[in-house]
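One structure below.
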Amino acid sequence: MSIKVRIPTPLRKLTNGSDEVSATGRNVGEIIEDLEKAYPGLKERICEGDGKLRRFVNIYLNDEDIRFKNNLETELKENDELSIIPAIAGGAA
Amino acid sequence: MSYMKALKCRECGKEYPKEALHVCELCFGPLEVAYEYEKIKGVLTREVIEKRAPNMWRYKELLPIDGEPTVGAQVGYTPLVKADNLAKALGVKEIYIKNDAVNYPTLSFKDRVVSVALSRARELGFKIAACASTGNLANSVAANAAAAGMESFVFIPSDLEQTKIVGTLVYGGTVVGIKGTYDEVNRLCSEIAGKYGWAFVNINIRPYYAEGSKTFGYEIAEQLGWKLPQNIVVPMAGGSLITKIHKAFKELSILGFVGPVTTKVFGAQAAGCSPIINAVKEGTELIRPVNKPNTIAKSLAIGNPADGYYSAKVMRESGGWGENVTDEEIIDSMKLLAETEGIFAETAGGVTLGSARKLIDSGRISRDESIVVCVTGNGLKTQEALAGKINPPTIINARLQEFDDLVKAGGKEYAVRA
Ligand SMILES: Cc1ncc(COP(=O)(O)O)c(C=O)c1O
Ligand SMILES: [Zn+2]
């Protein structure tokens, strides 16, 4: 299923400037794999070497932090929206 | 001469130049200052420190500025009070109050972080100081910026204590009250920092700012005769102070000024805003944000603490624990500290002492080990918390008879002269 994913400013270099992209997958982990195919290098920025979400990267499923759901295994439904949001805002805007 | 090597990501270790940076561009982790301890060892000894003036800059080699401090030269070296009356009341052997209620110039430990942040900000060429604050930081940024001739912009939740608002406005900077929680103020400030490029002490200057809290820990060790306490209880908002006190102890140990660090570190929060304590008690690494903090300890009302993960880790790995207290318990402990030791701490101090009492009662802190309780702010700034909670003065006419009647009504006999 195709899901909308919001991309934060510091990762937009990888998405050719897009602040919102689409990806397909049944859960958040699959979405990340699909994003990596379309935008190589993106997975490394948000996941550790062992595939776990980096500690200071949050992913929200419709405003809820996936860490308090099923993490990367959180399942997705039609019209769900994901946002990738660094925990610490900032850097050079 | 600077012993500051670089900024370094706490998560992935990537190094960055010593500029106004705070987030790792690779993994989004927070940046921290790294030092050249071998070189510091060559120049700094306990004797060198002891000969210096009694302020926090006596540890300047361990602080992140390149030159001499230009802001807050008089800050720190507050009393460490051996609190024997309190010890008796609590049934413990040895308890100390580190009293930053009398820190210079704005009566909280925040003057430590602000003097480092603004001294560094000036070295980096900033002319405008700013912050997001729960109150004490607001006071300190406004005052220290004024003294340093810097313009200031201070952002606070609009429902703070009146004294904290007045104690910010008086210095003449711009004070903006935001209709919302601290976390909402902070989010807005991140956007403002990105857009306006000012020195937001706890945002883009945060790696330097946070190091200032280490001096609270250095002083405790020095004042104990270069020894570390067996237990320390620290109030937490964003969770920075507690991690930096522990870092300070470790650094003193690396330099050989104290032995190995075995201090158990305990965190304290208000029951109405306990994201870090909840995680510690539930045994999880995840900090679940509190959306609507509700406590009289407004200075600690941060629902989404930036250093929550690291502070929980310090408590866990040091063998400490965490505790939280209700508004009632906060007030009760503010009174106990005032009545036993003559120290009027703000609500945050009530949180810390109240939590310490619970930790002692539950046996997490042993009654025959040394304990330091960190008092980080002044009670005169949070007076409305006591409204209706202490007896009003008795009002009489200026007549001796009325006073005599008062004494009689009190029921206690006093010797009088014939
Ligand atoms: C009086 C007082 N104590 C403790 C703290 C906690 O500091 P930190 O955010 O470093 O945990 C604050 C923070 O605002 C404070 O004002
Ligand atoms: Zn990093």
Q: Considering every residue within segment A:47-69, establish whether at least one is under 10 Å from the mean Cα position of the chain (by Cα), part of a helix (DSSP H, G or I) and within 14 Å of another protein chain (Cβ to nearest Cβ).
A: no
Q) Is it true that some residue in segment A:70-85 is open to solvent by less than 20 Å² (accessible area, probe 1.4 Å) and of a type in the set (D, E, K, R)? A) yes
Q) If you go through segment B:11-31 one residue at a time, how many are out of contact with any Leu (no Cβ under 7 Å at 6 or more places or on another chain) and within 16 Å of ligand 1 (Cβ to nearest atom)? A) 1
Q) Yes or no: B:Glu50 assigned to a helix (DSSP H, G or I) and either crowded, with 16+ Cβ neighbours inside 10 Å or hydroxyl-bearing (Ser, Thr, Tyr) (or both)? A) no
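So for segment B:138-154 (the condition being under 18 Å from B:Lys179 (Cα atoms) and surrounded by fewer than 24 Cβ atoms within 10 Å (Cβ to Cβ)), does at least one residue qualify?
The initial filter retains those residues of segment B:138-154 that are under 18 Å from B:Lys179 (Cα atoms), namely B:138, B:153-154.
Next, only the ones that are surrounded by fewer than 24 Cβ atoms within 10 Å (Cβ to Cβ) stay: B:153.
Taking every residue of segment B:138-154 in turn, at least one turns out to be under 18 Å from B:Lys179 (Cα atoms) and surrounded by fewer than 24 Cβ atoms within 10 Å (Cβ to Cβ).
Condition (residue is open to solvent by less than 30 Å² (accessible area, probe 1.4 Å), out of contact with any Cys (no Cβ under 8 Å at 6 or more places or on another chain), within 14 Å of another protein chain (Cβ to nearest Cβ) and closer than 22 Å to B:Ile245 by Cβ) applied to segment B:290-305: is it met by at least one residue? Before the answer, list the steps.
As a first pass, look at segment B:290-305 and keep what is open to solvent by less than 30 Å² (accessible area, probe 1.4 Å): B:295, B:297, B:299-303, B:305.
So of that shortlist, the ones also out of contact with any Cys (no Cβ under 8 Å at 6 or more places or on another chain) come out as B:299, B:305.
This time we only want the ones that are within 14 Å of another protein chain (Cβ to nearest Cβ), so: B:305.
Add one more test, that the residue is closer than 22 Å to B:Ile245 by Cβ, and what stays is B:305.
Taking every residue of segment B:290-305 in turn, at least one turns out to be open to solvent by less than 30 Å² (accessible area, probe 1.4 Å), out of contact with any Cys (no Cβ under 8 Å at 6 or more places or on another chain), within 14 Å of another protein chain (Cβ to nearest Cβ) and closer than 22 Å to B:Ile245 by Cβ.
Among the residues of segment A:4-28, which ones are assigned to a helix (DSSP H, G or I) and either surrounded by fewer than 15 Cβ atoms within 10 Å (Cβ to Cβ) or of a type in the set (Lys, Arg) (or both)?
The answer is A:Thr9, and nothing else.
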**Q.** Lone unmet requirement of (1) modelled with pLDDT of 95 or more; (2) surrounded by fewer than 16 Cβ atoms within 10 Å (Cβ to Cβ); (3) not assigned by TED's automatic domain parsing to the domain that holds B:Arg357 for B:Asn85
**A.** (3)
Q | Test: residue in segment B:329-349 that is touching a Pro at 6+ places or on another chain (Cβ under 9 Å) and within 13 Å of ligand 1 (Cβ to nearest atom) | A | yes
Q) Here are some residues: B:Gly172, B:Gly197, B:Gly180. Which one is within 14 Å of chain A (Cβ to nearest Cβ) and at positive phi? A) B:Gly197
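If you go through segment B:53-68 one residue at a time, how many are under 16 Å from B:Lys110 (Cβ atoms) and surrounded by fewer than 22 Cβ atoms within 10 Å (Cβ to Cβ)? Reasoning before the result, please.
To start, the set of residues in segment B:53-68 that are under 16 Å from B:Lys110 (Cβ atoms) comprises B:55-56, B:63.
Then keep just the ones that are surrounded by fewer than 22 Cβ atoms within 10 Å (Cβ to Cβ); that gives B:55.
Total satisfying the criteria: 1.
Every residue, every condition in (1) surrounded by 10 or more Cβ atoms within 10 Å (Cβ to Cβ); (2) among the basic types (Lys, Arg); (3) part of a helix (DSSP H, G or I); (4) within 16 Å of ligand 2 (Cβ to nearest atom), yes or no:
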{"position": "B:Ser333", "(1), (2), (3), (4)": "yes, no, yes, no"}
{"position": "B:Glu339", "(1), (2), (3), (4)": "yes, no, yes, no"}
{"position": "B:Val351", "(1), (2), (3), (4)": "yes, no, yes, no"}
{"position": "B:Lys381", "(1), (2), (3), (4)": "yes, yes, yes, no"}
{"position": "B:Lys412", "(1), (2), (3), (4)": "no, yes, no, no"}
(Q) Return the residues of segment B:18-42 that are free of Cβ contacts under 8 Å to residues at least 24 places away in the same chain and either open to solvent by 70 Å² or more (accessible area, probe 1.4 Å) or away from ligand 2 (no atom under 15 Å from the Cβ) (or both); say none if nothing qualifies. (A) B:Glu25, B:Glu38, B:Gly42
(Q) Pairs needed: first member in segment A:26-41, under 11 Å from A:Met1 (Cβ atoms); second member anywhere, at pLDDT below 95 and open to solvent by 30 Å² or more (accessible area, probe 1.4 Å); C-beta distance under 8 Å; at least 6 residues apart or different chains. (A) A:Arg26/A:Met1
Q) Of B:Lys195, B:Lys214, which residue is within 24 Å of B:Glu19 (Cα to Cα) and within 12 Å of ligand 1 (Cβ to nearest atom)? A) B:Lys214
Q) Within segment A:29-43, can one find any residue that is modelled with pLDDT under 95, within 14 Å of chain B (Cβ to nearest Cβ) and either assigned to a loop (DSSP other than H, G, I, E, B) or open to solvent by 50 Å² or more (accessible area, probe 1.4 Å) (or both)? A) no
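The values are calculated or read from the model by the stated rules, or taken from the named source; none is laboratory data. Worth saying up front: this structure is predicted, and the values here are computed from it rather than measured. Neighbour counts are summed over all protein chains in view; Cβ atoms, including those assigned to glycine, are modelled from backbone coordinates with ideal geometry. Calculation scope for accessible area: heavy atoms of the full protein, side chains included, ligands and nucleic acids excluded. Shrake-Rupley method; radii C 1.70, N 1.55, O 1.52, S 1.80 Å.
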